[in-house]
1. Can you tell me which of Ser74, Ser86, Ser164 is under 20 Å from the mean Cα position of the chain (by Cα), at pLDDT below 95 and not acidic (Asp, Glu)?
2. Within region 289-311, is even one residue touching a residue at least 60 places away in the same chain (Cβ under 8 Å), away from the ligand (no atom under 16 Å from the Cβ) and assigned by TED's automatic domain parsing to the domain that holds Tyr151?
3. Under 7 Å between Cβ atoms, at least 6 apart or on separate chains: pull out the pairs that start in region 207-228 with a residue that is assigned to a strand (DSSP E or B) and end on any residue that is within 13 Å of the ligand (Cβ to nearest atom).
4. Can you name the condition, by its number, that Lys391 falls short on among (1) assigned to a loop (DSSP other than H, G, I, E, B); (2) over 23 Å from Ile44 (Cβ atoms)?
5. Please work out which residue is nearest to the chain's Cα centre (by Cα), limiting yourself to region 229-257 and to residues that are charged (D, E, K, R) and modelled with pLDDT of 95 or more.
6. Against the definition (of a type in the set (Lys, Arg), buried (at least 23 other Cβ atoms within 10 Å of the Cβ) and within 16 Å of the ligand (Cβ to nearest atom)), how does Arg62 come out, yes or no?
7. How many residues does region 1-47 contain that are more than 16 Å from the ligand (Cβ to nearest atom), in a helix (DSSP H, G or I) and either under 13 Å from Asp235 (Cα atoms) or hydroxyl-bearing (Ser, Thr, Tyr) (or both)?
8. Considering only residues that are at pLDDT 80 or above and part of a loop (DSSP other than H, G, I, E, B), look in region 275-291 and name the one that is surrounded by the most Cβ atoms within 10 Å (Cβ to Cβ).
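The values are calculated or read from the model by the stated rules, or taken from the named source; none is laboratory data. Just so it is clear, the model here is predicted, and its values are computed rather than measured. Counting neighbours? That spans all protein chains shown, and the Cβs are built from the backbone with ideal geometry, glycine included.
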Amino acid sequence: MKLYNSLTRSVVPFEPWTPGEVSMYTCGPTVYNYAHIGNLRTYIHEDVLEKTLEFLGYTVHRVMNITDVGHLESDADEGEDKMLLSARKERKTVWEVAQYYTDAFFEDCGKLNIRKPEVLAKATDYIEDYIEFIRGLEEKGYTYFANGNVYFDISKFEDYTRLSKMDLDTLKIAHREDVDEDAHKKNPQDFVLWFTKSKFGKQAMKWDSPWGVGYPGWHIECSVIALKTLGERLDIHCGGVDHIPIHHTNEIAQTESYTGKKWTKYWWHSEFLIDHTGKMSKSSGEFLTVSLLESKGFDPLSYRYYVLNSHYRKQLAFSFESLEMAERAFEKLKGKTAPFTSIPTEGVELSKKGSDLLEAFKGHLADDLNTPNAMTVLYDVLKSEIKDEEKAVLLDKMDQVLSLGLLDAVEKSNTGVSEDEAAYIEEMITMRSTAKKEKNWAVADAIRYELKEKGVELIDTPEGTTWKK
Ligand SMILES: [Zn+2]
């Protein structure tokens with residue numbers, strides 16, 4: 001496996017700290033709003049990364065944090081408590097808001113076939129650990145206290161710009177007019193580890209600490225959660241490219257200052273989804289979410305297909321036209337894979353040609369996760385002259401990584417019953433709904449029971465009753 005490492009800015013062989021085992025940390029969502037499909041693009045690629053590593057034989061331990069502490073959006077203490085804002089708007093408590101959007105995030109992930117990481121860590125569950133971590137940094141002399149807040153002093157950490165390669169002197173000159181500089185910082189890049197005093201006083205979530213009642217800074221959660229769950233040495237740390245200059249840079253500084261050891265071997269970053277103006281896509285004022293795509297008639301998996309057709313390190317210019325083209329191609333592909341869903345694959349041995357195709361697929365993924373090239377092998381399989389059983393095996397294996405539901409698209413309609421049986425079930429459903437209308441509950445229940453005995457489950461929806469075997 002070769003991966004691009006943002007630290008060295010080159011594609012390098014992947015060699016985890018412990019051979020065969022991979023620890024993988026992913027910066028998770030902030031949960032005061034729905035997830036933007038641009039962020040979901042990153043989660044799709046991370047999902048492919050995890051599944052690729054497994055496909056290549058590694059055991060992967062993956063952790064994702066959930067940023068459920070209200071204000072933690074930016075380091076600049078820029079403002080309103082986002083969680084509180086949502087809570088007021090939606091007449092919920094901040095905790096309810098966090099739970100609501102956490103659920104919504106995983107619902108979106110489910111629709112995109114993104115697997116839940118092994119460990120999900122809520123930021124608010126680690127408050128004591130942040131405090132202990134900050135005390136550790138304090139003892140080692142990396143912090144200072146000013147105006148009620150605890151800061152990390154970046155001048156105490158050698159190599160602060162290791163990941164970002166920023167020129168701090170240039171940054172000093174290019175001081176942004178629109179950002180209110182915090183006068184209490186010793187260096188402009190210093191960041192707050194613990195707030196007791198924010199410019200914006202109304203924080204909904206606060207905790208007691210040695211420095212007073214307050215709340216943790218933004219970056220600390222990822223460092224602490226990663227240390228607590230995956231130990232002092234991390235193989236892969238993932239996130240969007242926007243995290244490089246500040247968030248991940250600060251994570252490295254505080255974590256390595258705390259442990260005194262080199263921390264993350266590979267920094268993995270996914271590029272932006274942009275619109276035609278080149279900015280993070282908010283397409284003509286619309287906030288792009290999975291639900292919005294669905295409301296426009298798109299299958300969320302078409303978006304996954306669309307995303308996999310571009311390399312994670314390239315910006316992807318989103319438009320509904322291009323998504324529509326992708327959807328059409330995806331439907332065509334599913335039409336081609338559909339006949340293979342019912343082919344038994346047990347005990348099928350791959351021919352030379354079949355193994356070559358599988359190796360080609362692996363090779364593309366092992367080459368810095370080249371999903372566009374890996375996808376072309378899908379088509380090569382379908383075009384090739386190998387036996388149908390082999391094709392079914394290969395499609396199944398490949399879809400374990402791509403997760404496009406290529407072989408279950410038909411399983412859903414392939415109900416596993418004969419036409420006669422299906423007609424019988426439909427007839428029973430009609431009888432049952434008549435019985436229900438007549439309030440003849442005994443008959444309605446008897447029909448449900450009889451079908452259940454035959455392994456058929458009835459599902460009542462507002463649009464009527466459906467069934468599954
Ligand atoms: Zn993070």
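1. Every option except Ser74 fails the conditions.
2. no
3. Once the first residue is assigned to a strand (DSSP E or B) and sits in region 207-228, its partners that are within 13 Å of the ligand (Cβ to nearest atom) give Tyr215/Val69; Pro216/Val69.
4. (1)
5. Asp235
6. Yes, satisfied.
7. Of the residues in region 1-47, 0 are more than 16 Å from the ligand (Cβ to nearest atom), in a helix (DSSP H, G or I) and either under 13 Å from Asp235 (Cα atoms) or hydroxyl-bearing (Ser, Thr, Tyr) (or both).
8. That would be Leu288.
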